[in-house]
Amino acid sequence: MSKRRDTLKLGLFLRATGHHVAAWRHPGAQADAGIRIEHYQALARQAEAAGFDTLFLADSVGVRGIDSPVFDRLIAPHLTFEPLTLLAALATVTRRIGLIATASTSYSEPYNLARQFASLDQISGGRIGWNLVTSSDAASAHNFGGSGQAAHADRYARAREFQQVVDKLWDSWEDDALLLDRDAGLFLDRAKRHFTEHRGEHFQVRGPLNVLRSPQGKPVLVQAGASEDGRELAAATAEVVFAAHQSLHDAQAFYRDLKGRAQALGRNPEHLKILPGVTIFTGASEAAAQAKHRELQELVQPEVGRELLSGLLGGVDLSHLSLDAPLPRDLPLSNASRSRQELIQKLADEGLSLRQLYLRLAGARGHWTLVGSAEQVVDQLEAWFQGYGADGFNILPPTYPEGLDDFITFVLPELRRRGLVRQGDYEGRTLREHLGLPYPQHPAARRGQEAVA
């Protein structure tokens, strides 16, 4: 297999005090970091100075675990800012790094969401991405007049149409619609305006959007679904996919499958970037890394570990099971993340007890976890990249600020030494340029070129 000539892309997944379930209890953590804008601004500046391609914010429109008997021990990562508001604040203190936020198609309207992201793309100079998700948790449904979760297939059917409407709205105006001709008294060219005129099963939207196109044309579309419905949607529409895998074999299978689906739909597979999540414990030596990992693992309270596992399985009740017993094989398939449930079942098949399972998941909730020296960590990252299991990685520091400091201090220089990441400044100014994604031509411009040809 020939060595790749491109460089891997790096995203930084922001999450209050860190991604480990016990991060907020770490002595070096600022426990209330999730509600301190200065915390996020400092991380954004640090990530940009280090050359990360993107910052990423997850979201939920409900407080997960609110009905749990250990709710008061789980809440730390979930009390934080609404992500679009936070991205607006981060856009003003950064100049180059991409900014990606999650927004659900289940409890939003296409026009509002399209307008919000288009505005952010203008404010940031073309650095915004939308992580399209569906909401699967009952806590969210109860906040929007629902009595429960919509079926998995129904959520994705709505999401597909939602995305189509948003994409049309982002094409409301051609690139050169703005005239600002004072002498003629013309503010814009009405011929460059396009109505959406969408009438579908879920939405009726006339348009046009009241925000012009941004320097990168339209925000980058990001997704993370790995179920059959999620893969179909990603193959048809996504430009970046966040993934969760535990082995290179699984990562390669997902990579081949998704790129193959995209190509079968007439897309260039190079225009779909796959970034698995990875939590990294590292330090000056392997022993130092192991000590950091052990310190956090010892802070995981058993009741919190059990609840973490239950939540990742879609709310399955595990309270009657011994922590030293194996995970039952006959658990009901929930309406939540099917791919995450399958991943956990595969781990359980290794013979792990509930306690061992939640400790395996404590650092990254199903994403890959690496513990070792910089050389050992980069060996693994390079194997996944060169083996076509990833186009880059979404980094999930176990703690903030220490976990990010360690990655920048130890891992990043080794990645640069091996030529795996860019050596100098950003390639351009927009998120599309950072990721090597093409500028999305307006449909009217494409039709004009086809007519000339």
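The values are calculated or read from the model by the stated rules, or taken from the named source; none is laboratory data. Please read all numbers here as calculations on a predicted model, not as lab measurements. Reconstructed Cβ throughout: ideal geometry from the backbone, glycine too, with neighbour counts over all protein chains shown.
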- helices (runs of 4 or more DSSP H) contained in the range 361-453 and holding at least 3 residues surrounded by 21 or more Cβ atoms within 10 Å (Cβ to Cβ): 374-386, 402-406, 431-435
- Query: Taking the range 222-242 as the region of interest, how many residues are out of contact with any helix residue (DSSP H, G or I) (no Cβ under 6 Å at 6 or more places or on another chain) and assigned to a strand (DSSP E or B)?
  - Reply: 3
- Note on the range 292-308: residues part of a helix (DSSP H, G or I) and of a type in the set (A, V, I, L, M) are Leu296, Val304, Leu308
- Mind checking which residues of the range 5-63 are of a type in the set (Val, Ile, Thr), touching a strand residue (DSSP E or B) at 6+ places or on another chain (Cβ under 7 Å) and assigned to a loop (DSSP other than H, G, I, E, B)? Val61
- Take the residues of the range 1-58 that are acidic (Asp, Glu) and within 18 Å of the chain's Cα centre (by Cα): which is farthest from Arg360 (Cα to Cα)? Glu48
- Task: With respect to Glu239, determine if the residue is of a type outside the set (S, T, N, Q), at pLDDT below 95 and buried (at least 18 other Cβ atoms within 10 Å of the Cβ).
- Result: no
- Residue satisfying all of: in the range 169-223; touching a Pro at 6+ places or on another chain (Cβ under 9 Å) and of a type in the set (Val, Ile, Thr); nearest to His442 (Cα to Cα) among these: Thr196
- Taking the condition on the phi > 0 side of the Ramachandran plot, surrounded by 19 or more Cβ atoms within 10 Å (Cβ to Cβ) and either part of a loop (DSSP other than H, G, I, E, B) or without any contact (Cβ under 8 Å) to a residue 12 or more places away in the chain (or both), does Gly266 pass? no
- Of the candidates Gly98, Gly126, Gly145, the one satisfying the condition of being assigned by TED's automatic domain parsing to the domain that holds Leu43 and free of Cβ contacts under 8 Å to residues at least 40 places away in the same chain is Gly145
- Task: Using the structure shown, decide if Ala150 is over 19 Å from the mean Cα position of the chain (by Cα) and modelled with pLDDT of 95 or more.
- Result: no
- Query: So which of Ala390, Ala445 ends up being more than 23 Å from Gly98 (Cα to Cα) and either touching a residue at least 24 places away in the same chain (Cβ under 8 Å) or not assigned by TED's automatic domain parsing to the domain that holds Ala101 (or both)?
  - Reply: Ala445
- How many of the residues in the range 32-51 are more than 16 Å from Phe81 (Cβ to Cβ) and either hydrophobic (A, V, I, L, M, F, W, C) or not assigned by TED's automatic domain parsing to the domain that holds Glu427 (or both)? 3
- Message: Taking the conditions exactly as written (closer than 24 Å to Gln223 by Cα and at pLDDT 90 or above), does Gly129 satisfy them or not?
- Response: yes
- Note on the structure: Listed by first then second residue, the pairs whose first member lies in the range 24-38 and is closer than 14 Å to Leu296 by Cβ, whose partner is outside any loop (DSSP other than H, G, I, E, B), with beta carbons under 7 Å and at least 6 positions apart or on separate chains, are Trp24/Ala76; His26/Leu296; Gly28/Glu402; Ala29/Ala23
